[in-house]
1. Straight-line reach from residue A:446: which lysines have a Cα under 24 Å away, not including same-chain ones fewer than 8 places off?
2. If you bin the C-alpha pair distances of the range A:1-110 every 10 Å from 0, what whole percents do you get?
3. Peptides B:43-52, A:77-86: what's the order by average Cβ count within 10 Å, highest mean first?
4. What are the ³J(HN,Hα) couplings of the range B:122-129, residue after residue, when phi is run through the Karplus curve with 6.51, -1.76, 1.60 and θ = phi - 60°? Round to Hz, x for glycine and proline.
5. Calculate, for residue A:461 and residue A:371, the FRET efficiency according to 1/(1 + (r/R0)^6) with r their C-beta to C-beta distance and R0 25 Å; round to the nearest 0.05.
6. Give a residue-ordered list of calculated ³J(HN,Hα) values for the range A:444-455 (Karplus: 6.51 cos²θ - 1.76 cosθ + 1.60, θ = phi - 60°; whole Hz; x for Gly, Pro).
7. Using modelled backbone amide H atoms (1.01 Å from N, in-plane), which distant-in-sequence or interchain residues come within less than 5 Å of residue A:60's amide H?
8. Quick one: which residues, 5+ away or cross-chain, put their amide H under 5 Å from the amide H of residue A:305? H built at 1.01 Å from N.
Amino acid sequence: MNQTVTIRRLATGVPGLDAILGGGLPEFSFNLISGPPGSGKTTLAHQIMFGLATPERPALFLTVLGEPPLKMLRYQQQFSFFDTARIGDAVRFVSLSDEMATGDFEQVLARITQEVRATSPALVFVDSFRAVLLDAARSGARSGDLHHFVQQLGVQLSAWQATTFLLGEYHSPTEDHPVFTVADGLLALRQSVHRNSMVRQIQVLKMRGQATSPGVHTFRITGAGIEVFPSAIVRDDSGNAADRSPSPARDGHRLAMGVPLLDAMLGGGLPSGFSLLVAGPSGSGKTLLATAFLAEGVRCGEPGVMVAFEQTPSQSLSPAIDDMVRAGTIGLINTRSMDLSMDEIVHHLIGMIRRMQARRVVIDSLSGFELAVAPTFREDFRESLFRMVAALSSLGVTVLVTSELEDRYTDLRFSPYGSAFLTDAIVVQRYIEINSGLARVMAVVKVRDSAHSSEIRQFTITAGRIVIGSPVRGYEGLLGGSPQHAPDRPHGTARGKEDLP
Amino acid sequence: MAMTDTGEDARRLAIRKTLHRSVGTGSGAAALPAAFLALWQQTARQLEPVIGARGVDVLFGRALHLTAQRFLWLPSTTHDNRTASLEVLQTCLAGRSAAEVSDVGETLLLTFTGLLAGMVGESLTGRLLGADWTAGESQEQEQPRRQA
């Protein structure tokens, strides 16, 4: 007979929070929500409370010092989750400010006990708990009293079969205080300001009895409340055969690119589930190639999603993209925001991929992407890209990423981020000078585990379409910027693939 | 009578109904101050657990100040102590006519609840003040249907 207790997990109602908690909030747990002023503690607590409280599972919200109750009620009801109709039956607010004013620690505990006994709440919130401790310290309470108080409160609240939350302005979770030891769960909120952007972050430092999502996750506060964007996790390879099976999308099927001859250059199209980096200088035709890729998908019945990062309204999307968006055949995420986290973008992207059942994804471009990401995250941009590509790969979509490539002829680079290794395939576009004129060339640099052409082919943009022409023969040093006439020799083919006509 | 369309109308109606219940008709001016005091204490009791005694004191002090601007014979200064302020107010009301007492009492309560509604909204004010305050509104809203 199984005699182990089963801990019920409560769905908090805060989008993304249950995922990082490891499946929800353990019932009857004693949780600490810490963070500096303005980090969102009260908002998170209210959102959880209105998400969980019912007349059968009532909540008691005890306000201590700090934010006056009137102000708290005034501002919190601006959030859409704040349901006035539930106040009274499902949610009760109680102010402990009068008890706090007496400076009598035991009286505060007695009042909390009295309120909890009177209504048997299933959820208890104390805001702000830090104020309780500070006030007690100021009034000369011995540290032994404080420890005793915290432990008594923790024990009693747990014994009353209530899931409890203490909100505190702890700046560091490493502060030496017994409440950190007593608590079953520790949620640390913080906000960082860098230049003109502000980023909110949450970390589950502890949650007894369940595996939480490690690391720091970003969140945003809107009129609907808090939304957490769990970090994309790259799972370790366990070594199990089941884990090593290829993604269902990587079935050997190849996708047409929508640009005649490019499929042949790629060795028969882009393998399904692959990620392709299209690198080239400004105006070389990267977005046109990406548009053709999406349009071809639409033609084949494969919906797509485009993530665009235009920084000015003048950088409008092409009519072809507009038409597809209007027709609902592709989804568009277009942002000019400059304080996003990679996790937030990935969250929206994955949501749209699932809604659209998209098979093709375009990110145009990495340069715009980097600008859109809050400065705080730019240092980790490469690592974040890796996580994003891994997350998209796990969904089985085929991804095309464009990247601005500075036309430096002293070296041969495919990406300014050193991110070329992240993708399965690379197509590079360059300008070359021939006979005192600029010409565009394109080459397939890499297609993982596949033969492909190694030719450098000239291409033109005609009526908004990419038209690939013949290989550039008779020159050497094209990509080095100093082409010179050379005898016309047969071009090599990567992995023995035949040259194209 | 038109259906109430503002929170203030509903609160005014609730005050009148409650006083009518507690004082009854034809009781005269003598019973009114005590009735207002009782209604005020009931309101304070309802709110204190939620916004704290200090929160009630602050709102009451402001409401009394605003009411005194309209009734110049009221004390223009208020005590920090709510009990002391109420005692002064009661003394002032003792020699006044029923109409004056009724007017002051209603204005004070309306101002007080108006300040609360200005802070947290009419809807939440109704929830915090409890059934007696919302009963007036619902009864009033039912009236036109019965008439129709």
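The values are calculated or read from the model by the stated rules, or taken from the named source; none is laboratory data. These figures come from a predicted structure and were not determined experimentally. We place every Cβ from the backbone using ideal geometry, glycine too, and count neighbours over all the protein chains shown. These area figures cover heavy atoms from the full protein model, side chains too; ligands, DNA and RNA do not enter into them. Shrake-Rupley method; radii C 1.70, N 1.55, O 1.52, S 1.80 Å.
1. Excluding near neighbours in sequence, the set is A:286, A:497.
2. Final binned percentages: 12, 38, 35, 12, 3, 0.
3. Top of the packing list down: B:43-52, A:77-86.
4. Taking θ as phi minus 60°, the curve returns 5, 4, 5, 4, x, 5, 6, 6 Hz for the range B:122-129.
5. Details: r = 25 Å, r/R0 = 1.01.
Taking R0 as 25 Å, the efficiency between residue A:461 and residue A:371 is 0.50.
6. 8, 8, 7, 9, 4, 6, 8, 6, 7, 6, 10, 6
7. Under 5 Å from the amide H of residue A:60 lie the amide H atoms of A:92, A:123, A:124, A:125, each far enough along the sequence or on another chain.
8. Counting only residues 5 or more places away or on other chains, the set is A:331, A:360, A:361, A:362.
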